[in-house]
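Written out below as structure tokens is the structure these notes cover.
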């Protein structure tokens, strides 16, 4: 088996995490998984949604979008269609759940964090890149909250780092971090969200052609874990710089 | 550990599959997983969506809804809100993908199957009940297509039966087929869609509280497989009657 | 003249009113007028719409829907079309006005009743079946309000029972309770909502072909009154059981 | 009983029908029922809706609107709310059904007539004024179709004139053509659409307070018939001028 | 160069401003620029939009619409399309900005003025007619506010009168107040909003064909100023009558 | 007068035009006017909108958007609000008109160009940056069309280069290319679109506070012309590189 990308089966694409990518947001990251490029911002607003009022906890919500020409064929702009598609809603719900797992909401105070992930160029794996990049933007936004005195330094809402990667079965073999040509031809596509400590936050696997078998699942999850270790390292490196 | 339902950890709720539940649809099933009740219909229309025109294959699409008072608190009717929510779209996309896996679209001819799953009473597991029940409605609709001569008896589009069940971690232990009180308190919720031959079509696992561990995943999948064998048996029994 | 249904001109279809049909709603009824089957629920929420705030009275509002395959041809789901059609809005406004006539809003306290009528199988007369069945669900919901102490037993908001039936001119003769094949071929269609005491709450008559004459109107209303007596009897019988 | 308007119980408001009110439409009428003023236009487009394609007949459809400040309190503009309300849809469906009764669609050829009724000032009875005025605009539009040669003069689609008026029970007595203060205080409101020959096209009666009785219905219909004779006379007079 | 309208290059169409055109609004004007006819109403509501709460100032907002058959070809009703088009939004934003320039919001108190401009017949220049007519309706509405005691007579929010006119390049020459046939054939279209004192509130010029040159802009603006003097005179004359 | 930015009155911000910014679009440019950053893509699709079918000409249409956190405060995502706001529609209509002026549509063949301008960071002047950058993306897309043979090299649809800049009155003096702090405090804001040959395509001037005077307009336009010469130089330089 040879991957279209020429990568080894267990090899991530070149990953880049650029902090402070835009100026206004409390956290702003450009994350690149090869040719997939996503701007992830974390914004802070005081107040919480109605269903949490008076419960002494904060909230995090996520939205996802794609520029119309992020893809090979132009997609109609969702704002002009008048609604977000099912794929968009599915992805932004996944991002929101994943990043909420990183936080202890009771330590966030009466604040809401908005995570916006906007794909400016797509080449497969936009949801996993979004989660991985937005995690870094989230850490930056928490630092701003601390500086503003909205949360105490000694009482950080951050419970654990979270990252995500896709794995799949390609020509019968498990491969890590599929790009678009690989994803289109893969038999199975599995998105995995994990914590630094190695626990699963979310797994979503779909057989595109033939059903996948338990032992394939095990092999794919092992690859995901290997990639995840590298992603956490890359997040840490990005956050280590000033 | 004692389940709120009093069931054994590996015990399904009482399952009932009532065929020909309503009169007009080519396939119409009332599926009950305990107190969860879903009307599943399969409708046939000639023609295919634009993106498949002229490719000599058929299509299957699914929609999901809940009556406003299917739940403990009344939910606003999506038709009057003016849009389907993210949860609805996520579920109907899952139902659609799962049932398409049951078919060989190239043998369906120039036909589209519409699967409608409408929850009239909800008590957890509506998506897995929907898939399991709609599979039976789909088989009935294919029989109608054969009778009408739209597809050949010797050339059935049915590749394999598909069913779905939820499993989860409840008070640290894996349990099968969670009802609503169990689901609300579960640490992890995992929906599994499988084929009769034991392959996975889809797995979607979410940590609601603590991350879940690989060995918990393995245990949950084993439970799912056990439940699945029973569900396929129940589908066969339902289809065996006249 | 022979009715397609074989019924006598003044004969209702077999009517069944099943209480406590689903579990969560304060009142839940499955009403069947022959092959027309509607789930009617009555839900109670505390509070009233803004335009009634502080006026010391309650409110009742109704919504109506049809499962996509309740009919011979599948209808597009209104939730996915993004709006309710004119027919739907017209019917739910009629149901709301009719049931509000049953209540003394000043005795309802600061509560809103939501009536949901969802047609699971349609064979003509869905709006009249909805009103007749929802009336029973409403009585059950009021009993729940009394048990909860939200309204006083001695001070019931229930003023009068309300029911509805359709009549029409079919091949030049007045007939009672038209089913779909009769309705499609009728010259005139008249929906009548009445009180137990014999007063009219609403009449809506439409000439589908030739205009109808005053004496035909008189004849149709007489038939409606006859049917109405039987419907009130059926409501009472349903409510008499525990 | 004294009417707020000072009119006799069987007295219409001053009615004015001004043809050729605006320049572009094939038929354009300003109709005034006292202070209720509606611009009714009839527009012709070639072609028919999809469901009528190839059936050799035409179609008529109606839309209704109100300027935001046609009423005592400003109403939000439906175009900016993003949808037409239930009352609007109910009224425009009534106008459409009523005017379709005036035509033999098989003689209309492959044409669609659009009736637009826009209320510029409202004082009760906007739907009945709309039908009465739009009927005149429709006749003018048919004359244009004849001139253009789109329909044959000897083969007119016009079957019969149609008009509409409201009647009601006010302080226990039947009154004709209610204005807004009367309508707000009326116990019953009944809209009647008739043909010149005295047949009913549509009756819609609603008890606003107490139910109404059969003999009240009879009395109201007699008043409506009296008013209708005057309205047909006014339509004829308007059409008699060049 | 001969204008299709036969007017001199610097000649306005016949302008008519009819006050108190409809009954309910605090200010109501029918403005006619030749065959362009617009109903302009000014409505007063107490309270201000959220973003101005507690800032001790009022607000003015404008909406614009066209009856479907105001034009040569029928346009789809925006209320039934479910959204206002870009042209509509652009025009109503212009009307709002223009009329806000007439007022000192800090003297308006806690009130919002709604300006509604509804075109009943269009023949070019609907936005400039709307501004010119709505200005008069606004003055009338302010008088009502004074009578009601909502604002002090000695403390009028009216800073200056505002009017608007279009100019354009037609067959190489500047012309004033284009009607539809002229506008369709013009090389440049320029809308100008000015104050009585001769200052610009807004200029919007668009080259429809060839770019326009600075000296053409100067010539068009001179024409606009000439027309504006006449429009202010017409506004004053309209307001001078009782 | 000292500009907040410290620039001279007639000084542009640092402008950067980066071609081939993303991979998929036929033309893709990142344009930066200081801290304002816009991704402009030009996409080609064969076919034209319905109103141009069979007329032997092409079309260009533009859409504009802002990432939610492109600004100091997060704006709600238009895709999730379900509609584009008035400001967005106004800007995208301006971009479309401006770039259509650059082309001879009759030489474009049966093709539609989609211009997408997405603001990733806003600091004033997003619409003028969009036009200036999209012009370069458009030239690149035309080159692709030529390479594909869809248009002839000898028969280019490009008539003229177009660029845009804002000018304004700030503290009583005309200034060029306002950034956000300047724009917020300016008395007048004027957007100018011009051709290389010095003609105007569009001018849009708005008095934010006091009306502006003809001599101020003249001064602002002179500044705009000066800036425009530099912008055309920058466009040429960007296009000169390989």
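When chain D is modelled as a GNM with alpha-carbon springs shorter than 10 Å, which of D:82, D:27, D:109 fluctuates the most? Residue with maximal mean-square fluctuation among D:82, D:27, D:109: D:82.
Would you order B:80, D:43, E:28, A:98 from fewest to most other beta-carbon atoms within 10 Å of each residue's own beta-carbon?
Listing B:80, D:43, E:28, A:98 from fewest to most nearby Cβ atoms yields B:80, D:43, E:28, A:98.
Taking only C-alpha pairs under 8 Å that are 6+ residues apart, what is the relative contact order of the stretch D:15-240 in percent? Normalised by residue count, the contact order of the stretch D:15-240 is 21 percent.
Taking other C-beta atoms within 10 Å as the exposure proxy, B:136, A:44, B:193, E:162 rank A:44, B:136, E:162, B:193 from fewest upward.
Placing a label point 7 Å from Cα along the Cα-to-Cβ direction at residue D:144 gives distances to the equivalent points in the other copies of 3.4, 4.6, 4.6, 5.6, 5.8 nm, listed shortest first.
Modelled spin labels at residue D:1 and residue B:241, positioned 7 Å past Cα toward Cβ, are 6.0 nm from each other. Helix A:214-240 and the longest principal axis of the Cα set of chain A meet at an angle near 40°.
Per-residue shielding of D:41-51, expressed as the average number of other chain Cβ atoms within 10 Å of the residue Cβ, stands at 1.
With label points set 7 Å from Cα along Cα→Cβ, the inter-copy distances at residue A:14 are 2.4, 6.4, 7.6, 7.6, 8.5 nm, sorted shortest first.
A protection proxy built from the mean count of other Cβ atoms within 10 Å ranks the segments B:142-151, E:118-127, C:220-229, most packed first, as E:118-127, C:220-229, B:142-151.
Among residues of chain B, the one whose Cβ lies closest to the rotation axis carrying chain B onto chain F, together with that distance rounded to whole Å, is B:82, 5.
Each principal axis of the Cα atoms in the stretch A:140-189 has its own extent, and those three values, largest first, are 53, 17, 10 angstrom. Label-point spacing for residue C:87 across the identical copies (point 7 Å from Cα in the Cβ direction), in nm and ascending order: 2.5, 3.0, 3.4, 3.4, 4.4. Taking other C-beta atoms within 10 Å as the exposure proxy, F:194, E:105 rank E:105, F:194 from fewest upward. Cβ-Cβ distance of residue C:107 and residue D:233, R₀ of 35 Å, FRET efficiency by 1/(1 + (r/R0)^6): the value works out to about 0.10.
Look at where the Cα atoms of the stretch C:14-28 and of the stretch D:65-116 average out, and the two centres are 38 Å apart.
Per residue of peptide A:102-114, the mean number of Cβ atoms on other chains within 10 Å of the residue Cβ is 0. Rounded to two decimals, the Cα radius of gyration of the stretch B:1-136 over 2.2 N^0.38 Å is 1.16. Values of log10 I(q)/I(0) for the stretch A:25-82 across q = 0.12 Å⁻¹ run -0.49, by the Debye formula with one identical scatterer at each alpha carbon and no solvent. Would you please state which residues of the stretch C:156-182 a label at residue C:222 would reach in this model, taking the label point 7 Å out along Cα→Cβ and a backbone N cut-off of under 13 Å? Only C:174-175 fall inside the zone, counting backbone N under 13 Å. All C-alpha pair distances within the stretch A:168-242, sorted into 10 Å bins from zero, spread as 19, 47, 25, 8, 1 percent across the bins.
An ellipsoid equivalent to the stretch F:15-240, defined through the eigenvalues of its Cα gyration tensor, has semi-axes of 30, 20, 16 Å when rounded to whole angstrom and sorted largest first. With N counted as the residues of the protein assembly as shown, its alpha-carbon radius of gyration over 2.2 N^0.38 Å works out to 0.98. Angle of helix A:126-147 to the longest C-alpha principal axis of chain A, folded into 0 to 90 degrees and rounded to 10: 20°. Over every Cα atom in the stretch E:118-242, the radius of gyration and the widest Cα-Cα span, Dmax, amount to 16.6, 54 Å.
FYI, it's all coordinate maths here, none of it is from the lab. Values in this document were obtained by computation on a predicted structure and should not be read as measured data. Neighbour counts run over all protein chains shown; Cβ positions are idealised from the backbone, glycine included.
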